[in-house]
Amino acid sequence: MSDWQKQEYVDLMLDDLKVWAIVGLSGDPSRTAYRIADMLQRRGKQIVPIHPNAPVVLGEQGYPTLADVPFPIDVVDVFRRSDAAGEFADQAVAVDAKAVWFQLGVIDEDAFRRTAEAGVPMVMDTCPAIEWGKR
C-alpha cells in the first residue's frame, strides 16, 4: 500500500467527514462523478457540486469554484485528469478543507506532497465505492 492510500485517512473521510465537495460533478448520470456523488448522498454525506457551470445536481446547488462555497468543506473529492488535479488540492488547502481525495487513476505526487506539508490528509488513486466495498 502506498503512502497515499493510508487506511486511517480513508477511514477518517468515510466515517467522520460529512460535507464532500465534488470537483467535476455535472448533472450527467452516465458520468462516474455523478454515480459516486449519488452513493455518497445515500450514505449520508452532503455533496457540493464544483463545476464551472454551477449546476444543481442530485438536489444540491453547485458552485463554480471551491472558494465560492459559502460554508465549510470537509472533503474535496477530485474527478479531473491527473495533470489538472493538483490545483484543486491547493485550493482545498486554501479553503481549509479537512481532507482531499483524488479518484481512481488520478495521481499527482507533487500535489500530495504539498497537501501533506500543509497538514491536510489526502488519498489518491482510489474510490469511496471501492473502499466501502472492502469493509
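The values are calculated or read from the model by the stated rules, or taken from the named source; none is laboratory data. Just so it is clear, the model here is predicted, and its values are computed rather than measured. No Cβ is skipped: glycine too gets one built from the backbone with ideal geometry, and neighbour counts run over all protein chains shown.
Summary table
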{"quantity": "Residue list for the range 34-55, filter: of a type in the set (A, V, I, L, M, F, W, C), modelled with pLDDT of 95 or more and either in contact with a Pro (Cβ under 8 Å, 6 or more places away or on another chain) or within 17 Å of residue 89 (Cα to Cα) (or both)", "calculated": "36, 37, 39, 40, 48, 50"}
{"quantity": "Per-region count, the range 88-125, residues without any contact (Cβ under 8 Å) to a residue 40 or more places away in the chain, within 15 Å of residue 3 (Cα to Cα) and among the β-branched types (Val, Ile, Thr)", "calculated": "4"}
{"quantity": "Identity of the residue in the range 77-135, more than 13 Å from the chain's Cα centre (by Cα), among the small types (Gly, Ala, Ser) and part of a loop (DSSP other than H, G, I, E, B), that ends up surrounded by the fewest Cβ atoms within 10 Å (Cβ to Cβ)", "calculated": "119"}
{"quantity": "Criterion violated by residue 129 - all others in (1) over 14 Å from residue 5 (Cβ atoms); (2) out of contact with any helix residue (DSSP H, G or I) (no Cβ under 8 Å at 6 or more places or on another chain); (3) modelled with pLDDT under 95 satisfied", "calculated": "(2)"}
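Residue-by-condition table, conditions (1) among the acidic types (Asp, Glu); (2) farther than 15 Å from residue 60 by Cβ; (3) in contact (Cβ under 8 Å) with a residue 60 or more places away in the chain; (4) surrounded by 17 or more Cβ atoms within 10 Å (Cβ to Cβ):
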{"residue": "9", "(1), (2), (3), (4)": "no, yes, yes, yes"}
{"residue": "13", "(1), (2), (3), (4)": "no, yes, yes, yes"}
{"residue": "27", "(1), (2), (3), (4)": "no, no, no, no"}
{"residue": "30", "(1), (2), (3), (4)": "no, yes, no, no"}
{"residue": "40", "(1), (2), (3), (4)": "no, no, yes, yes"}
